[in-house]
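Student: I have a structure here, written as structure tokens, and I will follow up with some questions on it.
Values in this text are rule-based calculations from the coordinates and carry no lab data. As the structure is a prediction and not an experimental result, all values here were calculated from the model. Glycine also receives a Cβ, built like all others from the backbone with ideal geometry; neighbour counts cover every protein chain displayed.
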Amino acid sequence: MKTTNNFLHNLQVKLWQKTEEVTQSLSVKEKKFTRDMIEGIIQSKSCILRQIAQSHKEDISLEDTCKRYRRHLSKPTISDTLSDNHLQQQCRKINKDSLIIFDPSDLRKEYAKKMEGLSTVQDGSSLESCNGYNILDAINVDQEGDGLRISALLSELHTNIEAPGIMKQSFFDRINDIQIYSNNQGTFVMDRGYDDRKVFRYLSENDASFIIRAKRVRKLFYQGEELPFIEVAKKAKLRYRYQCGKARLKAGMIRVGIRKDPHPKKNPEIIYLDLVIGRYISNDTEGIECEKGYFYLFCNFPSHLQKQTNRQKVEKALSAYRIRWKIEEVHRQIKQDYSWEDMRVMKLDRLKALNSLLLIAVSFVYSLDQYKHHLALLYTHLMLDRKSHFGKFKKFIYYRLALVAAEIFKGFKRYAKLPYKGLATKEVQLSCF
């Protein structure tokens, strides 16, 4: 029992250390507010201020507690300070083999009318337009044995009412921050929404490694001649075969060029990249192998992979892009476990600050995966379907960690303030002078 209490106490200390790291340069009151909010989000598994306040069971009224929260959330420096400090801390974990996955998301506020900054966004799941906010998200994924370790890097809330192009500019700014804080380690992995000349130019000029899925909408340079995308892709020989999960495919790679400028010029500046072409393979009802659809990846491999063979590079690109789906799972988990889309504060600056606090809370919960075996022994009914059934740890376990974290911090109590009962409190205090 004593060992268990010490372990749980150490987790509470780690949460305190986490809040100390992200609240550098903030005042004492702002640090206490940040700690209260992060603890409350983890305990209540909610982004609603009233439910966060209820989890603390303070002596003052819920109304006064919520007013204090809203007052701190309105401070203009809170969101940027917390996000930047958190990003610096997380980037220290990035190494040369890390995958930095960017992906935009959205918060649906279909029935909201008076929330500041509401604009029309496209729901990524249903492809329908609705009221809401855009989110720029990034995670870091590292291979750990047979499984993956996920770290939340950033989450920024934007609205279409802000200055035009602010989300794309924010994307470039965060790329720059990550490169500086991580010493330009890791490989950026993105979906086809980032197949953009400006993105290729910015990443190439900053010597960034990346893997981006192609849209097949532009002409490419191949052996000094600019040709349509499909015509260039057909020149690749799909000589390699791979098994990616349940999918079987064959793939190949060729070197291509992309014009930096969208307008044709006589002597254009060209970015040279590797184009990985993959095609799915399946068996028909009679067991005969048949070929299905294609997909394409633009790749700029890191320097430590340049000496590898084409087969190894293609395998690296396919396995890395397959991991890109993890950020979609992160989005779904946060929306389900922490009611991400239920944030109800009215002001835009409060929304941004609350989103930053949620990011830090989720990041701490994700960091508990290093203790997953120990936690499985203490909270078997929450972590395992069967005793000693640890196979689930190779999959996405963060739903279970969220349950365990809420259970652990339900019993979290600060030390009670003890009144001082020394000589200075006696009536004869002034008689000493």
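Student: If you split all Cα-Cα distances of the chain into 20 Å bins from zero, what percentages do you get per bin, shortest first?
Tutor: 22, 50, 23, 4, 1, 0
Student: Tell me the Rg and the Dmax, in Å, that the Cα atoms of the range 86-188 produce.
Tutor: Reported Rg and Dmax, both Å: 15.8, 49.
Student: Next up: Which order do peptides 191-200, 347-356 fall in by mean Cβ count within 10 Å, highest first?
Tutor: Taking the mean over residues of other Cβ atoms within 10 Å, the ranking is 347-356, 191-200.
Student: Would you be so kind as to identify which of GLY193, GLY257, ASN183 lies farthest towards the positive end of the dipole of the range 139-297, taking Lys and Arg as +1 and Asp and Glu as -1 on Cβ and the Cα centre as origin?
Tutor: Farthest towards the positive end: GLY257.
Student: Cα-based Rg of the range 242-369 per 2.2 N^0.38 Å, rounded to two decimals?
Tutor: Ratio of Cα Rg to 2.2 N^0.38 Å: 1.54.
Student: So what does the Cα-only Debye profile of the range 183-265 read at q = 0.25 Å⁻¹, as log10 I(q)/I(0), no solvent term?
Tutor: -1.34
Student: Using only the alpha-carbon atoms of the range 41-106 as identical scatterers, what base-10 log of I(q)/I(0) does the Debye formula give at q = 0.13, 0.14, 0.20, 0.23 Å⁻¹?
Tutor: Debye output, listed in q order: -0.59, -0.66, -0.97, -1.05.
Student: Another question about this same structure. Once the cut-off is 25 Å, how many percent of the Cα-Cα pairs in the range 91-329 end up in the long-distance tail?
Tutor: I get 48 percent for the Cα pairs in the range 91-329 exceeding 25 Å.
Student: Counting alpha carbon pairs within less than 8 Å and at least 6 residues apart, what relative contact order, in whole percent, applies to the chain?
Tutor: In percent, rounded to a whole number, it is 19.
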